[in-house]
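Enquirer: Pasting a structure here, questions to come.
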Amino acid sequence: MNRIINFVILISLVFTSAYGKSSIKAKVLSSSKEYISTPNDSQAGLRGKITDSDHNALQGASILIVGYERGVNANENGDYFLDKLPEGKLSVQASIMGFESQTIEIEMEPGENELNFTLVEHIVHLDPIIVVAKKREQQILDVPVAISVVGSDFIVKNNIVELGQLSEFVPGLFITEQGANRPSFIIRGLTSEEVSPSALPRVSVYQNNVPINRASGASVALFDMERVEVLKGPQNTLFGRGAQIGAIHFISKSPANTTEGYLSGGIGSYNQKEFRGAINVPLIENKLFVRAAGVYDYRDGYAENTFGGTLNGKNTLAGRLSFRLLPSKNQQLDLIINYQKDDTPGIAFMSKQFPNSLGETNIFNYQASLEQGENLNAGKELVDATLFYKYIINEHTFLSSTTSLRKVTSSSRWDGDGTAAPAIDMWDNAGAEQIYQELRYNYSSGGRFIGSAGVSYWHENADQTYWFSPNEQSMAVLFLNPEFLILPNGTPLLIPALPDDPALGQLAGMPLPSQHEENNYSAATNQAVEAFFEGTYQLTSHLFINGGLRSAYENFMLSNQATFTNGAPSTLGMMTGNYPNLFFKPGSEQTISDDNLSINWQAGLHYKINEHSNIFMNYANGRRPKVLQYTSAGTPEILPAEHVDNIDAGLKSSISSKLFVDVVAFYQKYHDFQTRAWIADPETGEFDYKSINGGKATSYGLETSLKASLLKGLSVFGNYAFLHATFDDKNSDGLEQEYAGNTFRLSPKHTFTLGLNAEASITPKIKVFVTPTYAYKTHYFFEDANTSGLDQPEYGLLNINFGIELVQPKLILNFFGTNLLNQEYLISAGNTGSLFGVPTFVPGPPQMMGTKLIWMF
């Protein structure tokens with residue numbers, strides 16, 4: 001541990017000594033920017049700013065020296081810089097989607113030259129799509145990877161307030177949430193869930209350049225967002241070890257040198273109350289800015305519990321405070337503090353097999369009978385602070401440091417059998433404290449090469465407690481005659497003692513306790529030191545080669561202990577061999593550990609057809625680290641690391657700034673696939689939900705998206721994804737696999753979304769707007785075992801957002817509806833009850849409607 005910390009400090013000192021001190025004097029330009037650069041008497045440099053006609057910076061705009069293999073993208077302030085240019089006459093072109101390209105001739109003189117651009121917006125156009133996937137501002141056209149972006153305007157126009165809604169607009173992405181602390185991020189059929197405190201998700205989730213991968217903390221409230229970027233395929237080089245199959249990056253709005261903000265309030269179905277707001281203020285003009293934002297979102301559960309309370313509701317309170325300090329012209333310091341608390345009703349795990357207390361088995365009547373009533377709940381609390389420092393060498397070359405501290409706790413109590421029976425009463429409590437530090441050098445001078453390199457350190461202390469409290473007078477029915485768990489009138493069958501059956505030996509006739517409690521506690525210390533490099537080199541005026549490498553040293557340590565905590569010892573535990581417990585075999589604390597060194601890399605080609613179109617092809621390998629875990633019987637296990645080889649190729653094109661098309665095809669090959677399984681074996685005493693080695697698997701598919709501006713005020717958008725993801729017939733040893741031919745869980749073969757944005761002025765100061773969308777998915781399974789009945793048939797969701805907008809003051813009256821066709825679909829199936837042959841199901845939300853008023857100032 002100390003050696004790792006010393007290593008990070010040493011690298012920091014090297015960076016500081018190499019780049020943090022400069023005796024070269026800065027040069028002040030009329031753009032009021034001051035950067036450190038190296039003058040060259042025999043060559044010329046060119047810098048400037050790109051804005052629109054309202055003087056707004058056009059970050060990501062492309063600057064090209066016509067006839068030369070030189071170009072660069074404007075930074076977040078719209079500034080650009082190119083050095084080592086020839087003297088004499090040059091033609092310089094500036095372009096960005098949605099604006100008319102502009103070419104200006106300039107007579108280059110020795111030393112530094114300045115050329116500013118003011119671009120004119122097309123009358124009918126699509127807005128620019130800017131990303132920072134490679135840690136620098138670029139147009140999406142210039143990024144040769146499979147990436148989708150959902151921007152702030154799009155989020156508002158479609159009233160996207162939940163992660164599941166967000167995923168409908170990204171081909172290849174599927175997000176489900178059982179509750180406030182259980183999101184599943186699925187990219188190209190691969191889920192991100194972890195079943196051990198030492199396990200790392202396959203999908204890396206970032207917020208403002210910081211990994212927030214622990215599942216309970218990755219379910220962030222969507223408020224005051226600048227954009228959400230989704231990268232598909234292995235992204236270990238750019239987003240670390242957790243990005244085996246992709247990355248999701250939530251980017252919030254940054255403080256700016258302007259006074260602005262908004263307030264909104266709304267009501268909706270199931271007693272929904274929602275309030276949002278943000279304010280941005282420059283405390284010291286051009287020097288210190290602050291932005292504060294928050295949200296409160298409450299809704300009763302859409303499922304009633306006949307034992308009291310509701311299920312599947314919302315209750316979120318979240319806030320963000322951001323500061324930006326510019327201590328000098330070439331330094332930037334950002335501080336971001338996040339807080340979020342969710343305190344929601346329990347999850348509606350419902351049985352289709354047994355009736356509720358009203359005698360009903362149709363779960364889409366939204367009437368559950370879960371005997372713990374209002375004791376059922378799900379919630380989390382998180383707080384984090386991120387400090388970002390940038391030392392600017394020139395407009396595109398800088399050193400940065402990202403430091404983050406994060407703490408999250410979560411808990412959930414649920415009814416595992418989904419009935420009025422007191423058989424499976426469970427509670428889960430988890431926590432994590434994370435430290436993250438990254439040092440990065442980002443380089444570009446408008447030459448042939450652009451890239452970044454750096455090191456990072458990540459440390460996590462995580463723990464998880466499972467509490468189990470069965471009434472064995474009901475649990476015994478599950479062991480002996482599960483079909484009689486619930487009687488036809490909806491009441492549970494209780495047996496006070498085991499049957500007086502000689503086959504049970506000495507257990508025959510033994511009384512069964514009604515109260516028993518046991519715990520299974522796991523704690524993990526996880527840490528990693530990583531070094532990384534990525535870059536792009538321009539081979540010709542049209543052809544680019546890119547590549548990246550990330551090396552990681554990882555160390556994991558996992559401890560586990562099960563205890564009998566309260567009530568009477570388990571009689572059934574004498575049958576399972578876990579006495580005095582039923583599920584978790586008591587014993588002294590155990591510890592296992594593992595460390596390893598890994599290297600992941602990627603390489604690709606990028607051919608720029610013209611300034612608006614390009615094609616690319618990439619290879620990348622991805623890796624999910626080993627999984628350390630314990631079975632319920634206390635047996636330690638270490639699952640091999642999972643590996644994937646990925647090839648993808650794509651086309652991105654913008655036609656007249658009115659049509660944007662993105663098409664990507666991919667092929668992926670998995671080894672030592674880490675799948676999850678429910679395992680129940682009374683003979684061995686193992687009752688587990690754990691990771692197992694699924695062997696080899698293959699997936700391939702196609703992802704497309706399209707946006708088109710048809711007329712002023714009318715645009716359409718859509719996406720489509722095809723996915724074939726199955727387990728191979730044989731494993732690496734040539735043996736037939738258990739899941740041979742099965743499809744990946746939560747992997748519909750076909751998905752698509754269609755929508756349009758339409759707005760029209762009815763007076764010079766009043767306009768109306770409407771945004772309907774329809775999202776469709778074909779059949780998929782909820783488990784890799786592809787168990788019949790634990791699946792979701794094809795379905796589609798129709799949503800709408802419409803309203804009226806007043807120009808001055810800017811007021812928006814918004815009306816929205818979700819699942820307008822009242823489609824019946826499932827969020828999950830199987831769950832804890834699958835261990836005993838009594839699977840449970842969580843119904844998706846029914847039709848909901850609401851309205852909100854927004855004031856923007």
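The values are calculated or read from the model by the stated rules, or taken from the named source; none is laboratory data. Every value quoted in this text rests on a predicted model; they were computed, and no experiment measured them. Glycine gets a Cβ as well: all are built from the backbone with ideal geometry, and neighbour counts include every protein chain shown. Surface areas here come from the heavy atoms of the whole protein model, side chains and all, with no ligands, DNA or RNA. Shrake-Rupley method; radii C 1.70, N 1.55, O 1.52, S 1.80 Å.
Enquirer: Given the condition at pLDDT 95 or above and within 17 Å of I186 (Cβ to Cβ), answer yes or no: does some residue in the range 752-763 qualify?
Expert: For the range 752-763, residues at pLDDT 95 or above and within 17 Å of I186 (Cβ to Cβ): present.
Enquirer: Applying the selection to the range 795-823, what residues are part of a loop (DSSP other than H, G, I, E, B) and among the β-branched types (V, I, T)?
Expert: Within the range 795-823, just V807 meets the criteria.
Enquirer: Same structure, new question: Go through the range 820-839 and count every residue that is over 26 Å from the mean Cα position of the chain (by Cα) and either under 18 Å from N356 (Cα atoms) or without any contact (Cβ under 8 Å) to a residue 12 or more places away in the chain (or both).
Expert: Matching residues across the range 820-839 total 4.
Enquirer: Let me ask you something else. Among what's in the range 509-550 and is among the polar types (S, T, N, Q) and surrounded by fewer than 16 Cβ atoms within 10 Å (Cβ to Cβ), pick the residue that is farthest from A603 (Cα to Cα).
Expert: The selected residue is S514.
Enquirer: Tell me yes or no: at least one residue of the range 759-766 is touching a residue at least 12 places away in the same chain (Cβ under 8 Å), open to solvent by less than 30 Å² (accessible area, probe 1.4 Å), not basic (K, R) and not in a helix (DSSP H, G or I).
Expert: The answer is no; no qualifying residue exists.
Enquirer: To continue, here is another question. So, in the range 684-699, of the ones that are open to solvent by less than 40 Å² (accessible area, probe 1.4 Å) and not in a strand (DSSP E or B), which residue ends up modelled with the lowest pLDDT?
Expert: Out of the qualifying residues, it is G685.
Enquirer: Filter the range 295-309 for residues that are in contact with a Phe, Trp or Tyr (Cβ under 7 Å, 6 or more places away or on another chain), in a strand (DSSP E or B) and open to solvent by less than 60 Å² (accessible area, probe 1.4 Å) and give the result.
Expert: Scanning the range 295-309 gives V295, R299, A303.
Enquirer: Give the residue that is farthest from A603 (Cα to Cα), with candidates limited to residues of the range 551-560 that are buried (at least 18 other Cβ atoms within 10 Å of the Cβ) and hydrophobic (A, V, I, L, M, F, W, C).
Expert: L558
Enquirer: Only one residue in L597, L572, L628 is within 30 Å of F727 (Cβ to Cβ) and open to solvent by less than 20 Å² (accessible area, probe 1.4 Å). Which one?
Expert: Matching residue, one of L597, L572, L628: L628.
So that you can scan it fast, the table gives a plain yes or no per residue for (1) at pLDDT below 90; (2) under 23 Å from L231 (Cα atoms); (3) open to solvent by less than 20 Å² (accessible area, probe 1.4 Å):
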site	(1), (2), (3)
G71	yes, no, no
K89	no, no, no
L119	no, no, yes
Q138	yes, yes, yes
L141	yes, yes, yes
P144	no, yes, yes
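Enquirer: Are any residues in the range 257-292 crowded, with 19+ Cβ neighbours inside 10 Å and either over 25 Å from G817 (Cα atoms) or in contact with a helix residue (DSSP H, G or I) (Cβ under 9 Å, 6 or more places away or on another chain) (or both), and if so, which ones?
Expert: Listed by number, the residues that qualify are N280, F289, R291.
Enquirer: Here's a follow-up. Going by the conditions given, is S653 over 24 Å from the mean Cα position of the chain (by Cα), hydroxyl-bearing (S, T, Y) and open to solvent by less than 10 Å² (accessible area, probe 1.4 Å)?
Expert: When the stated conditions are applied, S653 does not pass them.
Enquirer: Quick one: in the range 310-338, which of the residues that are open to solvent by less than 40 Å² (accessible area, probe 1.4 Å) and among the hydrophobic types (A, V, I, L, M, F, W, C) is farthest from the chain's Cα centre (by Cα)?
Expert: Among those residues, the one meeting the criterion is L311.
Enquirer: Mind listing just one residue for me: the one in the range 354-368 that is surrounded by fewer than 20 Cβ atoms within 10 Å (Cβ to Cβ) and either part of a strand (DSSP E or B) or on the phi > 0 side of the Ramachandran plot (or both) and, of those, farthest from the chain's Cα centre (by Cα)?
Expert: Selected residue: G359.
Enquirer: When you go through (1) farther than 18 Å from G71 by Cα; (2) touching a residue at least 40 places away in the same chain (Cβ under 8 Å) one by one for D127, which number turns out not to apply?
Expert: (2)
Enquirer: Which of the residues that make up the range 234-282 are among the polar types (S, T, N, Q) and in a helix (DSSP H, G or I)?
Expert: Answer for the range 234-282, where residues must be among the polar types (S, T, N, Q) and in a helix (DSSP H, G or I): N236, T237.
Enquirer: Moving on to the next point. Looking at (1) acidic (D, E); (2) within 22 Å of F239 (Cβ to Cβ); (3) buried (at least 21 other Cβ atoms within 10 Å of the Cβ), can you tell me which one E193 breaks?
Expert: Exception for E193: condition (3).
Enquirer: For the range 708-734, what are the residues that are outside any loop (DSSP other than H, G, I, E, B) and open to solvent by 70 Å² or more (accessible area, probe 1.4 Å)?
Expert: Answer for the range 708-734, where residues must be outside any loop (DSSP other than H, G, I, E, B) and open to solvent by 70 Å² or more (accessible area, probe 1.4 Å): L710, L711, Y720, K730.
Enquirer: Give me the residue from the range 835-857 that is part of a strand (DSSP E or B) and not aliphatic (A, V, I, L, M) and, out of that set, nearest to A278 (Cα to Cα).
Expert: Selected residue: W855.
Enquirer: Okay, next question. Would you kindly identify the strands (runs of 3 or more DSSP E) lying entirely within the range 577-683 that contain at least 1 residues that are hydroxyl-bearing (S, T, Y) and farther than 30 Å from T525 by Cβ?
Expert: Counting at least 1 such residues, we get 590-610, 613-624, 642-655, 659-671.
Enquirer: So, one more: Is it the case that E109 is open to solvent by 10 Å² or more (accessible area, probe 1.4 Å), among the acidic types (D, E), modelled with pLDDT of 90 or more and over 27 Å from F250 (Cβ atoms)?
Expert: yes
Enquirer: Taking interchain pairs and intrachain pairs at least six residues apart, which have beta carbon atoms under 8 angstrom, with the first residue in the range 368-379 and free of Cβ contacts under 8 Å to residues at least 40 places away in the same chain and the second open to solvent by 10 Å² or more (accessible area, probe 1.4 Å) and of a type outside the set (S, T, N, Q)?
Expert: N375/R413; N377/D343; N377/P345; N377/R413
Enquirer: Quick check on L487: is it farther than 30 Å from L387 by Cα, more than 25 Å from the chain's Cα centre (by Cα), open to solvent by 40 Å² or more (accessible area, probe 1.4 Å) and aliphatic (A, V, I, L, M)?
Expert: Yes, satisfied.
Enquirer: Separate question: Picking from R214, R188, which residue would you name as being of a type in the set (D, E, K, R) and open to solvent by 10 Å² or more (accessible area, probe 1.4 Å)?
Expert: Being of a type in the set (D, E, K, R) and open to solvent by 10 Å² or more (accessible area, probe 1.4 Å) holds for just one of R214, R188, which is R214.
Enquirer: Now for a different question. From the residues in the range 777-794 that are assigned to a strand (DSSP E or B) and either open to solvent by 50 Å² or more (accessible area, probe 1.4 Å) or out of contact with any Asp or Glu (no Cβ under 8 Å at 6 or more places or on another chain) (or both), which one is farthest from G694 (Cα to Cα)?
Expert: Q792
Enquirer: Across the range 785-814, what is the total count of residues that are within 30 Å of P764 (Cα to Cα), of a type in the set (S, T, N, Q) and at pLDDT 95 or above?
Expert: Count: 3.
Enquirer: So, N742, is that one out of contact with any strand residue (DSSP E or B) (no Cβ under 6 Å at 6 or more places or on another chain), open to solvent by less than 50 Å² (accessible area, probe 1.4 Å) and closer than 19 Å to Q674 by Cα or not?
Expert: Considered against the rule, which asks whether it is out of contact with any strand residue (DSSP E or B) (no Cβ under 6 Å at 6 or more places or on another chain), open to solvent by less than 50 Å² (accessible area, probe 1.4 Å) and closer than 19 Å to Q674 by Cα, N742 comes out as no.
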